[in-house]
Amino acid sequence: MQTNFTAEQLRDPAIAVCNHELRTCVHCGFCTATCPTFLLLGDELDSPRGRIYLIKDMLETGRPATPDVVRHVDRCLSCLSCMTTCPSGVNYMHLVDHARSYIETTYRRPPAERALRSLIGYLLPRPTLFKAALLGARLGRPLASLIPGQSMLAKRLRAMLALSPASLPPASPMQAPQVHRAQGERRARVLLLTGCAQQVLMPRINEATIRLLTRLGVEVVIPRDSGCCGALNHHMGQHERAMALVRANVQAWGGEIDADRVDAIIINTSGCGTTVKDYGFMLRTEPEPLAARAARISALAQDITEFLSRIGYAPSQPAPDLTVAYHAACSLQHGQKITAEPKTLLKRAGFRLVEPREPHICCGSAGTYNMLQPDIAGRLRDRKLGNLKATRPDLIAAGNIGCITQLSGGGVPVVHTVELLDWMAGGPRPPEV
């Protein structure tokens with residue numbers, strides 16, 4: 001694709017990256033075949049190719065974002081299915097992330113929407129505040145149907161209340177900053193990102209991860225001052241908030257990284273994993289040693305299933321007669337290109353594995369998407385659950401807390417992959433199973 005940025009524009013590192021990605025695109029349209037929003041809406045501007053044209057025009061002219069551009073970019077799930085499909089290797093993720101940041105600095109949203117997005121971006125990365133907000137939402141949950149109107153704000157409020165859990169698990173002491181010693185001879189030493197929303201909604205995922213790793217001879221370190229990976233803010237265009245969280249993690253992990261005491265950084269939420277693996281890019285223009293640390297962190301980051309495959313997971317007991325439908329989280333299969341490992345591990349654990357139709361299509365969670373775009377998210381959820389249920393599973397396994405939350409309550413239990421692997425290696429049976 002031909003671009004027409006000025007030399008002055010190209011001195012901006014972000015514009016230079018966008019220019020490269022735009023020039024890589026040959027506008028073949030293969031991406032439209034796997035784009036969830038184009039699949040549902042049939043509008044070229046709600047496809048990656050259409051959004052690329054909108055972003056190109058917006059950035060080249062340097063004009064503020066228009067309502068039309070905002071509408072179509074906001075509808076993008078960042079599922080990155082287009083990146084898997086693209087024969088030219090366009091990094092659409094970097095392109096749309098910059099577009100969102102540009103929108104937030106040049107476009108003034110309506111006051112209610114601005115307040116809602118700011119509130120979400122402030123609460124979700126802070127576990128204590130997020131938990132308090134969920135406790136408040138629990139009181140308002142029965143009143144969700146009484147919120148009047150079909151405005152986007154009304155729909156968003158109803159969606160947020162519907163997504164809030166009826167009860168919250170107690171905080172897990174295992175997630176506090178500490179060192180969990182390996183059982184037997186130590187084979188590896190890793191850092192664990194405990195996440196933000198996950199440690200509030202389902203702390204048992206981190207507990208299963210710690211139990212399983214230590215049983216396999218891995219020392220698990222939960223660093224002090226480590227927090228949210230920054231993904232939620234980053235994908236909402238809240239660039240400075242996201243970068244502050246990224247820098248804080250790089251700083252928190254810096255001592256271990258500089259001393260070369262870490263074999264891997266383990267992440268059991270694939271949405272976080274995609275972002276942490278991009279820290280090197282995100283901090284590429286930062287002064288040293290921050291940029292070098294970030295690049296090292298990206299190189300060390302591994303999804304839990306990626307690490308278990310490399311270290312040699314093996315079950316210690318026979319599996320029950322259960323059919324498990326594997327839901328491939330977009331951030332895992334498209335963002336990190338991890339497709340075989342979770343399925344291989346579940347089969348090795350002894351489960352009968354099945355896969356749904358359209359495994360490449362998003363479930364509609366996508367971070368905050370199911371709160372901000374509830375209509376599209378709801379349609380995608382129904383489509384995904386329909387395909388999963390058609391496999392007649394006993395339960396669904398997924399590797400991302402967002403997907404688990406989105407698909408729960410649909411009539412089939414949904415658990416994290418690592419919970420099943422931990423169970424078959426001597427851990428407790430997941431409560432839903």
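The values are calculated or read from the model by the stated rules, or taken from the named source; none is laboratory data. This one's a predicted model, so the numbers in the text were calculated from it and none came from an experiment. Ideal geometry is used to build each Cβ from the backbone, glycine not excepted, and the neighbour counts take in all protein chains shown. To get the accessible areas, we keep the full protein, side chains included, count just its heavy atoms, and leave off ligands, DNA and RNA. Shrake-Rupley method; radii C 1.70, N 1.55, O 1.52, S 1.80 Å.
Give me the mean projected area, in nm² to one decimal, of the convex hull enclosing the Cα positions of segment 21-154.
Averaged projected area of segment 21-154's Cα convex hull equals 9.9 nm².
Check Leu395: other-chain or 5+ apart residues with amide H under 5 Å from its amide H, H built from backbone geometry?
Thr323, Ala325
Could you please report the charge total around Gln150, scoring K, R as +1 and D, E as -1 over all other residues with beta-carbon less than 14 angstrom from its beta-carbon?
Residues close to Gln150 contribute a combined charge of +2.
Name the residue farthest towards the positive end of the dipole of the chain from the options Leu116, Val412, Thr37, assuming +1 on Cβ of Lys and Arg, -1 on Cβ of Asp and Glu, about the Cα centre.
Val412
Return the percentage of antiparallel bridges among DSSP beta bridges fully within segment 171-299, rounded to the nearest 5 %.
Antiparallel: roughly 25 percent of the beta bridges in segment 171-299.
Under a Cβ-Cβ cut-off of 14 Å, what is the net charge of the residues other than Gly254 that fall near it, where Lys and Arg count +1 and Asp and Glu count -1?
Charge balance in the 14 Å sphere: -1.
Rounded to the nearest 5, what % of DSSP beta bridges with both residues in segment 301-433 are antiparallel?
0 percent
Over what distance in Å are the Cα centres of segment 258-305 and segment 1-69 separated?
Cα centroid of segment 258-305 versus Cα centroid of segment 1-69: 27 Å apart.
Report the net charge of residues surrounding Pro374, where surrounding means a beta-carbon distance below 9 angstrom and charges are Lys +1, Arg +1, Asp -1, Glu -1.
Charge balance in the 9 Å sphere: +2.
Cut-off under 28 Å on the C-alpha distance; same-chain residues fewer than 8 positions from Lys155 excluded. Which lysines are left, in chain and number order?
Within the straight-line cut-off, Lys155 pairs with Lys131, Lys384, Lys389.
Would you mind working out the magnitude of the charge dipole of the chain relative to its Cα centre, with +1 at each Lys and Arg C-beta and -1 at each Asp and Glu C-beta, to the nearest 20 Debye?
Details: 49 positive and 37 negative charges, 170 e Å.
Taking the Cα centre of the chain as origin, the dipole is about 820 debye.
Quick one: dipole size for segment 345-410, taken about the Cα centre, charges +1 on Lys/Arg Cβ and -1 on Asp/Glu Cβ, in debye to the nearest 20.
Working: 10 positive and 5 negative charges, 52 e Å.
In total the dipole reaches around 260 debye.
Scan segment 1-102 for trypsin sites (Lys or Arg not before Pro) in coil per DSSP, keeping those whose Cβ has at most 15 other Cβ atoms within 10 Å, and list them by number.
Within segment 1-102, the qualifying trypsin sites (Lys or Arg not before Pro) (loop, at most 15 other Cβ atoms within 10 Å) are Arg11.
Return the unpartnered cysteines for the chain, using a Cβ-Cβ cut-off of under 4.7 Å.
Cys18, Cys25, Cys28, Cys35, Cys76, Cys86, Cys363, Cys403, each lacking another Cys Cβ under 4.7 Å.
Roughly how many Å² is the accessible area per residue of segment 100-253, as a whole number, for a 1.4 Å probe? It would help to have the intermediate numbers written out before the result.
Values: 7120 Å² over 154 residues.
In whole numbers, segment 100-253 has 46 Å² accessible per residue.
In segment 309-415, what chymotrypsin sites (Phe, Trp or Tyr not before Pro) fall in a loop by DSSP, with at most 11 other Cβ atoms inside 10 Å?
On the way: sites: Tyr313, Tyr326, Phe351, Tyr369; in loops: Tyr313, Phe351.
Those that pass, being in a loop and sparsely packed, number zero.
In whole Hz, with x marking every Gly and Pro, tabulate ³J(HN,Hα) for segment 174-182 from phi via Karplus 6.51 cos²θ - 1.76 cosθ + 1.60, θ = phi - 60°.
Ordered by residue, 3J(HN,Hα) equals 5, 7, 5, x, 5, 10, 9, 5, 6 Hz.
What share of the DSSP beta bridges in the chain is antiparallel, in percent to the nearest 5? Intermediate values should be presented prior to the final figure.
Numbers: 3 of 23 bridges.
Counting DSSP beta bridges with both partners in the chain, the antiparallel share is about 15 percent.
Putting +1 on Lys and Arg Cβ atoms and -1 on Asp and Glu Cβ atoms, find which of Ala366, Pro13, Ala188 reaches farthest to the positive end of the dipole of the chain.
Ala366
Would you mind classifying segment 274-330 by shape? Square roots of the alpha carbon gyration tensor eigenvalues, ordered a ≥ b ≥ c; an a/c under 1.5 is rounded, otherwise it is prolate if a/b is larger than b/c and oblate if not. List each step's numbers first, then the result.
Numbers: a/c = 7.19, a/b = 2.55, b/c = 2.82.
Oblate, because a/c is 1.5 or more while a/b does not exceed b/c.
Does segment 118-169 come out rounded, prolate or oblate by the C-alpha gyration tensor, with a ≥ b ≥ c the root eigenvalues, rounded set by a/c under 1.5 and, if not, prolate when a/b is larger than b/c and oblate if not?
On the way: a/c = 3.00, a/b = 1.42, b/c = 2.12.
Oblate.
Suppose every Lys and Arg Cβ carries +1 and every Asp and Glu Cβ carries -1, with no other charges. What dipole size does segment 61-202 come out with about its Cα centre, to the nearest 20 debye?
My answer is approximately 260 debye.
Name the residue from Leu95, Pro393, Cys82 whose Cα lies farthest towards the positive end of the charge dipole of the chain, charges +1 on Cβ of Lys and Arg and -1 on Cβ of Asp and Glu.
About the Cα centre, the residue reaching furthest to the positive side is Pro393.
Which whole-number percent is the relative contact order of the chain (Cα, under 8 Å, 6+ apart)?
Reported as a whole number, the value is 14 percent.
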